[in-house]
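Reading through the structure tokens given below for one structure.
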Amino acid sequence: MYTRDVTQYSPKAEIGPKSRILLVEDEELIQEMIALALEEEGYEVLTASDGRSALEYLTNWESNTGEVPCDLVLLDLMLPQINGLDICRWLRYQGNPVPILILSAKGSETDRVLGLEVGADDYLTKPFSMRELVARCRALLRRQRLNTVPETSVLEYKDITLYPQECRVLVRSQEVNLSPKEFRLLELFMSYTRRVWSREQLLDQVWGPDFVGDSKTVDVHIRWLREKLEQDPSHPEYIITVRGFGYRFG
Ligand code: CA
């Protein structure tokens, strides 16, 4: 029988390319509803019905398999055995950067603040709509993915070399000074050469999903970046405008 429960999860199970979400929720009906909504969005969902099994999964999985246990944790606060705040606190104490979204029936400001203080990334008060939940999950996973853009390898394309960890860029062997946003933009472009990005996608990735502002911001930064990278900014060879879509690199 198909089960999402972490206590039944075999470390030999094949690991797919989908984002894996650990859902820690003791109310069966809510657990089922959330799991179905997320699976419909293409996520792999694992469930834990109490704090202890969640914590056991999170601690044992990595040492058994070398795999990251999950890409996102959805955490109810009131749980049997070990409560959500303690799980959150423990994960951060261990230096685990996994994004955590707290789901709680408690709506008071103090709980919210406490949740964020112990290291949660976001907080959703029950009852919430599945649409809202899915949107928050997507935003957190996107942020996570951006953080895990390969950081160790040097990115090279034609005359441009980017050193992600040193935040340095060489263009035709000359050091170029980029603002943090320009650097992020170039890093993203160089990580996915020839991929076409819409302005909205670039805003999401570089400025973050919470950025409120105009997509013209992107155009302005692209112009600055071109002036620093291109030999002839009016005939760019690196950052190409794709009419009706956005931009691509290379
Ligand atoms: Ca609960």
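When the surface is traced with a 1.4 Å probe over the full set of protein chains, T125 keeps roughly 50 Å² accessible.
What's the FRET efficiency of C167 with W224 using the Cβ-Cβ distance as r and R₀ = 22 Å, to the nearest 0.05?
Values: r = 16 Å, r/R0 = 0.75.
E(calc), rounded to 0.05, equals 0.85.
Label region 108-250 by shape, choosing from rounded, prolate and oblate, from the square roots a ≥ b ≥ c of the eigenvalues of the Cα gyration tensor; if a/c is under 1.5 it is rounded, and otherwise prolate applies when a/b is larger than b/c, oblate when it is not. Don't jump to the answer; show the numbers that get you there.
Values: a/c = 2.71, a/b = 1.94, b/c = 1.40.
It comes out prolate by the Cα gyration axes.
Placing a pseudo-label 7 Å from each Cα along the Cα-to-Cβ vector at D86 and Q174 gives an inter-label distance of 6.1 nm. If R0 is 41 Å, the Cβ-Cβ spacing of T7 and S129 corresponds to a FRET efficiency of close to 0.90.
Using helices alone, I'd like the mean residue ellipticity at 222 nm for the chain: each DSSP H run of four-plus residues gives -39500 (n - 2.57), total over residue count, nearest 500.
Numbers: 8 runs with 95 residues, N = 250.
For the chain, the value works out to -12000 deg cm²/dmol.
How long are the three semi-axes of the equivalent ellipsoid for the chain, computed from the Cα gyration tensor as the root of 5 times each eigenvalue, in whole Å, largest first? Don't skip to the end; give the middle numbers.
Numbers: eigenvalues 313, 75, 56 Å².
For the chain, the ellipsoid semi-axes come out as 40, 19, 17 Å.
Using the Cβ-Cβ distance between E28 and R195 with R0 = 35 Å, the FRET efficiency computed as 1/(1 + (r/R0)^6) comes to roughly 0.25. Listed values for region 47-59 are Karplus-derived 3J(HN,Hα) couplings in whole Hz (6.51 cos²θ - 1.76 cosθ + 1.60, θ = phi - 60°), namely 10, 10, 9, 8, x, 5, 5, 4, 5, 4, 4, 5, 7, and x replaces Gly and Pro. Charging the Cβ of each Asp and Glu at -1 and of each Lys and Arg at +1, and nothing else, the dipole of the chain about its Cα centre rounds to 900 debye.
Accessible surface area normalised per residue over region 195-250 is 56 Å², counting heavy atoms of protein chains with a 1.4 Å rolling probe.
Keeping the other protein chains in place, figure out the carbon and sulfur percent of the accessible area of the chain, with a 1.4 Å probe.
Details: 6590 of 13560 Å².
About 49 percent, which is the carbon plus sulfur part of the accessible surface.
Name the shape class, rounded, prolate or oblate, that the alpha-carbon gyration tensor gives for region 189-229, where a ≥ b ≥ c are the square roots of its eigenvalues, rounded holds for a/c under 1.5, and otherwise prolate holds if a/b is larger than b/c and oblate otherwise. It is oblate, given that a/c is not under 1.5 and a/b is not larger than b/c.
T47 exposes around 10 Å² of accessible area when a 1.4 Å probe is run over every protein chain in place. Projecting the Cα atoms of P164, S179, Y247 onto the dipole axis of region 129-250, where Lys and Arg carry +1 and Asp and Glu carry -1 at the beta carbon, places Y247 farthest toward the positive end. Taking all Cα pairs closer than 8 Å and separated by 6 or more residues, the relative contact order of the chain comes to 12 percent.
Say we join alpha carbon atoms closer than 10 Å with springs in a Gaussian network model of the chain; which of R112, R184, R131 then has the biggest fluctuation? Maximum fluctuation in the GNM of the chain, among the listed residues, is at R131.
The values are calculated or read from the model by the stated rules, or taken from the named source; none is laboratory data. Because the structure is a prediction, the values reported are computed rather than measured. We place every Cβ from the backbone using ideal geometry, glycine too, and count neighbours over all the protein chains shown. Just so you know, the surface numbers come from the protein's heavy atoms only, side chains and all, with ligands and any DNA or RNA stripped out. Shrake-Rupley method; radii C 1.70, N 1.55, O 1.52, S 1.80 Å.
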